[in-house]
Amino acid sequence: VFQLSLPLNFLGSVYREMNQAMIDMGTLYNLENTQAVVKDSQDATVIPNEPMKIDFNNVSFSYLQERAIFNNMTFSIEPGKHVAFVGPSGCGKSTILKLLYRFYDVLEGDIKIGGIPIKSIQIESLRKSIAIVPQDTVLFNATIFENIAYGNVEATYEEVIDAAKKADIHSLIMSLPQGYDTPVGERGLMISGGERQRISLARALLKNSSIIMFDEATSALDAQTEQKITASIKKILAQKNCTAIFIAHRLKTIKDVDLIYVVNQGKIVEMGTHAQLLVKGGVYSQLWLIQENVSISS
Ligand code: ATP
């Protein structure tokens, strides 16, 4: 038995509070149904599941009254582009994802998708258009098939296999005696951090959303696994027409995105491509140098 504080979210903060990473699917469904911090407005709009412009306009937000996380945060993401948010720990990167998914409402300003404030978008349709690859992947005491299919309860066998192939985990699954029917979790197969991420990726792909958000875990995978997963993600995104948002700690994993936003103290302090930001010689280039030196010396 574990304790949870609502709202339940897929971005890790709640899961991180749990002592166990394995929970019953039924429990999770029940919790999801009970969360009601944000509600649909009357006449909420259904949005199409296709890439659209995302705008944060003068967004202010705080979890606790006395401590502002964002103060007039403004940025936009063009449809189909791949952008990354980087910055010091605790500066609010994951909060950007939480606000876009509408786990919380902003205090001031607004967030728009396709020009429509998300407060007027039907929550179900908003969340259908966003898939999340979270920091910590929760696996259920269920089969691999069920664990992947969690992203889309109506998924067919073929669709699950297709997603697993794209996430480069199909051959591993096929090498197991029970294949997709292999139980995962406490009573079944124990899987590595990298495999866990691939299951999470397959889950997100199966959702087939027009926005995909990657919340990179702080705890490092080994360099080789990380490189392989980054390569899988690149391959997937090259074939998929979707907007991708990365929250990154390790700059190496995001240096090829279209646009990088550097967040510090609740504001965007720099923006540009990797090359532009290096030339600029500001916060980003300092972070890059530090990380490069660490990886050379280790
Ligand atoms: P990291 O790089 O360490 O993952 P981050 O930049 O993604 O951090 P957030 O997770 O967005 O930062 O958190 C921003 C700030 O808000 C942090 O100081 C965090 O402690 C605080 N915070 C996050 N979630 C909550 C919450 N549910 N209630 C209160 N404070 C919170």
If you check every pair at least six apart or on different chains, which have Cβ atoms under 8 Å apart with a residue in the stretch 80-93 that is more than 6 Å from the ligand (Cβ to nearest atom) first and a residue that is part of a loop (DSSP other than H, G, I, E, B) and open to solvent by less than 10 Å² (accessible area, probe 1.4 Å) second?
Gly80/Cys242; Ala84/Ala248; Phe85/Ala248; Val86/Ala248
Does the stretch 233-247 contain at least one residue that is under 27 Å from Asn58 (Cβ atoms) and open to solvent by 10 Å² or more (accessible area, probe 1.4 Å)?
yes
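Residue by residue, here is whether (1) more than 16 Å from the ligand (Cβ to nearest atom); (2) at pLDDT below 90; (3) closer than 12 Å to Leu201 by Cβ holds:
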position: Ala217; (1), (2), (3): no, yes, no
position: Ala220; (1), (2), (3): no, yes, no
position: Ser232; (1), (2), (3): yes, no, yes
position: Lys235; (1), (2), (3): yes, no, yes
position: Leu259; (1), (2), (3): yes, no, no
Scanning the stretch 97-145 residue by residue, those assigned to a loop (DSSP other than H, G, I, E, B), within 18 Å of Pro51 (Cα to Cα) and hydrophobic (A, V, I, L, M, F, W, C) turn out to be none
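Yes/no matrix, rows are residues, columns are (1) of a type outside the set (D, E, K, R); (2) open to solvent by 50 Å² or more (accessible area, probe 1.4 Å):
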position: Val38; (1), (2): yes, no
position: Lys53; (1), (2): no, yes
position: Asn71; (1), (2): yes, yes
position: Val86; (1), (2): yes, no
position: Pro117; (1), (2): yes, no
position: Ser120; (1), (2): yes, no
position: Ile123; (1), (2): yes, no
Criterion (among the small types (Gly, Ala, Ser), at pLDDT below 95 and on the phi > 0 side of the Ramachandran plot) met by exactly one of Gly151, Gly185, Gly193
Gly185
Within the stretch 194-224, residues open to solvent by less than 10 Å² (accessible area, probe 1.4 Å) and closer than 17 Å to Tyr180 by Cα come out as Ile199, Ser200, Leu201, Ala202
Meets criteria (touching a Gly at 6+ places or on another chain (Cβ under 7 Å), within 28 Å of Ala149 (Cβ to Cβ) and modelled with pLDDT of 90 or more) for Met52
yes
Going through the stretch 57-77 in order, the residues found to be away from the ligand (no atom under 15 Å from the Cβ) and touching a Ser or Thr at 6+ places or on another chain (Cβ under 8 Å) are Asn57, Asn58, Asn72, Ile77
Report whether or not Ile113 is more than 22 Å from Leu221 (Cβ to Cβ), without any contact (Cβ under 8 Å) to a residue 24 or more places away in the chain, open to solvent by less than 50 Å² (accessible area, probe 1.4 Å) and away from the ligand (no atom under 16 Å from the Cβ).
no
If I go through the stretch 204-243 residue by residue, how many of them are outside any loop (DSSP other than H, G, I, E, B), in contact with a strand residue (DSSP E or B) (Cβ under 8 Å, 6 or more places away or on another chain) and under 16 Å from Ala167 (Cα atoms)?
8
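The values are calculated or read from the model by the stated rules, or taken from the named source; none is laboratory data. Since this is a predicted model, take the numbers as computed values, not measurements. Neighbour counts run over all protein chains shown; Cβ positions are idealised from the backbone, glycine included. Areas reflect the complete protein model, heavy atoms only, side chains present, ligands, DNA and RNA absent. Shrake-Rupley method; radii C 1.70, N 1.55, O 1.52, S 1.80 Å.
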